[in-house]
Amino acid sequence: MKTISVLIPCYNEEENVVPLSEAIIEQFIKELPSYSYEIVFIDNDSSDTTRVKLRKLCKDNKKIKAIFNAKNFGQFNSPYYGMLQTMGDCTICMCCDFQDPPEMIPKLVHEWEHGAKIVSAIKTTSKENKLMRFFRTCYYKLIKKMSNVEQIEHFTGFGLYDKDFIAVLRDLKDPTPFLRGIVAELGFKRVDVPYEQQKRRAGKTHNNWYSLYDAAMLSFTSYTKVGLRVATIGGFIIGFISFIIALVYLIMKLVNWNSFIMGNAPIVIGVFVLGGIELFFIGLLGEYIMSINNRVMKRPLVVEEERINFDNNME
């Protein structure tokens with residue numbers, strides 16, 4: 001009997017962990033009775049009663065497992081680490097807030113059984129904020145044009161991954177993994193399955209503009225060279241223009257062409273404009289350097305505080 005692992009990252013999801021586990025189990029009983037399952041929750045140091053409820057779930061059902069992180073290790077490391085701990089023939093990764101519908105599980109498994117090593121769930125429609133949806137669409141199209149690696153539009157990581165691909169992830173040893181980019185760059189045969197992203201069932205989203213910016217910059221610095229190229233070419237062009245302006249200004253000064261000289265205003269304006277451009281490019285280069293720095297430090301993805309039910313054999 002094949003075993004399907006379901007990996008669910010969570011952080012302060014006390015209202016969702018129980019109903020989500022029930023919904024997933026219901027899908028296996030009704031739609032996938034010929035498969036065994038394991039449900040793995042990885043908790044990113046929740047401060048509410050999420051861990052209390054996870055302990056009870058694990059006590060009542062030995063096929064439900066839990067990993068408790070020692071602290072919050074971020075929105076990328078925790079899910080990635082959790083996937084590496086699964087033991088099934090394939091792993092389905094999904095959010096804990098019901099935005100990724102449990103009803104999609106049989107569809108993902110169906111495509112997997114027909115030969116797909118990766119089944120990507122693509123948000124073709126969404127019940128999220130329309131303005132946020134617009135900004136996400138613009139980001140995906142922009143990064144797709146700039147990247148030298150194929151990027152998957154409206155793919156959040158929700159999907160199914162064969163154990164062969166999980167083995168690839170284990171060998172990467174990337175301390176700052178970006179799963180969506182890794183799937184596009186190193187993934188096996190992939191099938192895209194459309195779905196409508198639902199509204200959060202309960203609780204508040206933990207994403208904010210900073211976390212979204214962090215995700216965007218991780219993708220940008222990991223899979224594009226355009227930032228560095230723009231800085232190089234832009235610096236050359238601005239330097240050339242500045243040289244021409246300086247030369248013209250010197251000639252005008254020598255011939256005392258006072259009618260074209262407006263005191264120190266051109267110099268002041270030029271200093272502020274060029275200074276602003278330089279600061280922008282220094283910040284952009286800093287993002288690349290910070291990404292490199294995080295990778296060379298070789299820190300662990302996650303430090304565990306506790307794990308539950310991992311000593312039980314899956315039936």
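Just so it is clear, none of the values below were taken in a lab; they were calculated from the coordinates. This is a predicted model, so every value here is computed, not measured. As a convention, Cβ positions derive from the backbone with ideal geometry for all residues, glycine included, and neighbour counts pool all protein chains shown.
Of 56/123; 62/163; 71/189; 2/63; 56/117; 63/163, which sit over 25 Å apart, Cα to Cα? In this structure, 56/123; 71/189; 56/117 lie more than 25 Å apart at Cα.
In this label model, residue 71 and residue 22 are separated by 3.6 nm, measuring between points 7 Å along each Cα→Cβ vector. Spin-label model, residue 282/residue 150: points 7 Å from Cα along the beta carbon direction are separated by 4.1 nm. Take the Cβ atoms of residue 47 and residue 307, set R0 to 22 Å, and the FRET efficiency comes out at 0.65. With R₀ fixed at 25 Å, the C-beta to C-beta distance from residue 188 to residue 125 puts the FRET efficiency at about 0.40. Here's how it looks for residue 13: its modeled amide H is under 5 Å from those of 50, which are all 5 or more places away or on a different chain. Amide H to amide H, with H built 1.01 Å from N, residue 45 comes under 5 Å of 69, counting only residues 5 or more places away or on other chains. Remark: 162, 192, 311, 48 ranked as 311, 48, 192, 162, counting other beta-carbon atoms within 10 Å and listing the fewest first.
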